[in-house]
1. Here is a list: 77, 69, 100. Which entry is buried (at least 21 other Cβ atoms within 10 Å of the Cβ) and more than 20 Å from residue 26 (Cβ to Cβ)?
2. When both residues are 6+ apart or on different chains and their Cβ atoms are under 8 Å apart, which pairs have a first residue that lies in the stretch 147-172 and is more than 18 Å from residue 197 (Cα to Cα) and not assigned by TED's automatic domain parsing to the domain that holds residue 71, and a second that is at pLDDT below 95 and surrounded by fewer than 19 Cβ atoms within 10 Å (Cβ to Cβ)?
3. Which of the residues belonging to the stretch 247-282 are without any contact (Cβ under 8 Å) to a residue 40 or more places away in the chain and among the polar types (S, T, N, Q)?
4. Could you tell me which numbered condition residue 62 fails, if it satisfies all but one of (1) within 19 Å of the chain's Cα centre (by Cα); (2) surrounded by 12 or more Cβ atoms within 10 Å (Cβ to Cβ); (3) more than 20 Å from residue 9 (Cα to Cα)?
5. Scan the stretch 214-246 for residues that are more than 27 Å from residue 126 (Cβ to Cβ) and free of Cβ contacts under 8 Å to residues at least 60 places away in the same chain and jot them down.
6. Every residue in the stretch 251-281 that is within 17 Å of residue 207 (Cα to Cα), surrounded by 12 or more Cβ atoms within 10 Å (Cβ to Cβ) and touching a helix residue (DSSP H, G or I) at 6+ places or on another chain (Cβ under 8 Å), please.
7. Scan the stretch 193-234 residue by residue and report those that are on the phi > 0 side of the Ramachandran plot and in contact with a helix residue (DSSP H, G or I) (Cβ under 8 Å, 6 or more places away or on another chain).
8. Please specify each residue of the stretch 70-96 satisfying the condition of being of a type in the set (A, V, I, L, M, F, W, C) and not in a strand (DSSP E or B).
Amino acid sequence: MKIDIVPARKADLEAIDRFLVREWREYRPPPAAVPLRERNWLPGNESFGLCLLADGELAGYLGASYSLRPVDGVMERFCAIAPWFVKEEHRSQSLRMLFRLLADKDTTYVNYTPSRPMFKLFTGLGFKALDEAKLLIPPLLNLPGLRPGRGTLVTDPSAVRRVLTGDELKIFDDHVGTRARHLAIVDGDRVCHLAAGRRILRGMPFSEILHVSEPALLPPQIERIVWLLCRHFGAVAVAADERLLAGAEMRAIRYRLNSPPVFKSARVSREKIDNMWGELAY
């Protein structure tokens, strides 16, 4: 049998989705309105991951969403890894696919949603946890700290865009058309840009915070933000990886992650990595 590992191109994505739906019971196809992996946030990129071919037939797929992200004013190349599925009879080829994908040492690699076995595999290959814990913020938990007069909460997308500049404006523009909801807190000449998405955790819908530019501005407005995001996404609470809210003094329920998100980078520290430009933003 001839085994090949070849780049996945945009023209291959429909066939890949059909393959994943047919072969992978846990696979959930992306919403029709925002096709997964079809976004290209890296100029000149034509790769959407790797395909495993057995005698010319699709036998596996390792997804990759590439992006050029601003980190402290410097544009850095990222690769968000997901999804990853190989038919059982060809699982011996899985690591070959991963090693091929990880060949570029100047790229920062992230996997936001690894299973427990995948977490062990990635950390065994030198990846590190982005967070050890997640914070849950249900409505009313921060009602005593509500100070609506401390800063202005901007909720209209066009108004949010008007108050953003530089790196934050690129983040907003790159995610137009995704399900990410953008908000801003304006306090004098300081602006906190927040973006959130929707996620199912333990069978329940949550709004997940994906990016916060200045967490210290959140506490007086967090109760309003939680209510707004819960209504918008039909969620029971707001969740966030612990690193994204560092510096914000607020009430939250902390729980330790069984399979934390992971990253590998020679250029970017964990504190500089948010959860945008990947499957969590769709």
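1. Details: 77 fails: buried (at least 21 other Cβ atoms within 10 Å of the Cβ); 100 fails: buried (at least 21 other Cβ atoms within 10 Å of the Cβ).
When all the criteria are applied, what remains is 69.
2. Listed by first residue and then by second, the contacts come to 166/70; 166/73; 167/70; 167/73.
3. As a first pass, look at the stretch 247-282 and keep what is without any contact (Cβ under 8 Å) to a residue 40 or more places away in the chain: 247-249, 269, 271.
If the condition is that a residue be without any contact (Cβ under 8 Å) to a residue 40 or more places away in the chain and among the polar types (S, T, N, Q), then 269 is the only one that fits.
4. Among (1) within 19 Å of the chain's Cα centre (by Cα); (2) surrounded by 12 or more Cβ atoms within 10 Å (Cβ to Cβ); (3) more than 20 Å from residue 9 (Cα to Cα), the lone unmet condition for residue 62 is (3).
5. Within the stretch 214-246, 214, 215, 216, 218, 229, 231, 232, 233, 234, 235 meet the criteria.
6. Listed by number, the residues that qualify are 251, 252, 274, 275, 276, 277.
7. As a first pass, look at the stretch 193-234 and keep what is on the phi > 0 side of the Ramachandran plot: 202-203, 234.
Scanning the stretch 193-234 gives no hits.
8. First pass over the stretch 70-96, keeping only residues of a type in the set (A, V, I, L, M, F, W, C): 71, 74-75, 78-82, 84-86, 95.
The answer is 95, and nothing else.
The values are calculated or read from the model by the stated rules, or taken from the named source; none is laboratory data. Just so it is clear, the model here is predicted, and its values are computed rather than measured. Positions of Cβ are generated from backbone atoms using ideal geometry, with glycine treated the same way; all protein chains shown enter the neighbour counts.
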